[in-house]
Structure formats: C-alpha cells, structure tokens
1. Quick check on my filter: what residues within region 53-82 are more than 21 Å from residue 125 (Cβ to Cβ) and either buried (at least 20 other Cβ atoms within 10 Å of the Cβ) or among the basic types (Lys, Arg) (or both)?
2. Applying the selection to region 76-100, what residues are closer than 21 Å to residue 24 by Cβ and modelled with pLDDT under 80?
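The values are calculated or read from the model by the stated rules, or taken from the named source; none is laboratory data. The structure presented is a predicted model; accordingly, all values stated were derived computationally and were not measured. Virtual Cβ from ideal backbone geometry, glycine too; neighbours counted across all protein chains shown.
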Amino acid sequence: MNERERINHDNDHDDHGDNDNDITPVRDFIIAIPISLLYTLFVYKLSQIVGESLPYKQRLEQSLLILFFVALVGFIMGRYVFRKQKQTHNRVRYGLYISSLLLWAYTLGLNWVNIHEHHKLIIAGVLFAALVAMAI
C-alpha cells in the first residue's frame, strides 16, 4: 500500500466513526437526557414516598425541600465528583446538571409561593454559599 492509499484508508476509517475515542458532546448529551430524566423521576418519587403520611401542605413543602437539596447534591456531584474522571463520565455529569436544573426550575420557579418564608431564607443562604464556594 503506497502513501496515498494509506492516507485515504485512514480517512475512511475516521469517517465511519469506528474510532472508540471519538466521543462527541452531542452524543454525551443524548445519553445524558435519559440519565437526567431517570434521576429526576427517582428524586420526585422518593420525595412523594417520604412525605406520604403528612397532610397536603406539609407534604408539598417537604417534597419541595427534598427536591431542592437533592438537586444541590446532584449538582455538586456533577461538579466535583465527575469533574476529572474519564471522558465517559461526562454523560453522567451532564445528566446530573440537567436534572438539577429541572428540579430547581420546578422547586424555585413554579413552587416558590408554596415554600414557607423560613425555608426560603435557608434556600437563599444555601444558594449564596454555593455560589461563593464555586467562585473560590
């Protein structure tokens, strides 16, 4: 095989995606979406089961707090645990980020009025501390 044929063969090999090291961010996000949805569903069902015996108002508030703090734990795990791991862990990290954003949007965006004032203060303090910690 001469030099030109070898170069064409190498280019053909790369074009077909046979290279295992060819992991694209798009592929990572496609795999991260089901991870995110399963994590979100797990946390949501867990919060429902934990507060099952409480009256509606208390159950709702407890569920929202659980969702918020588990989203925070997921974000921290994505940021610090899976940060310097293998390339394949990007999928898990992206899934945790997406699910954390979904849970925060649900908790803080849609149900902010249902959270007690004392808990709003705690949430604001935790978010402030997290932002300061990330800036350091």
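1. Hits for region 53-82 are 57, 59, 78.
2. Result: 82, 83, 84, 85, 86, 87, 88, 89, 90.
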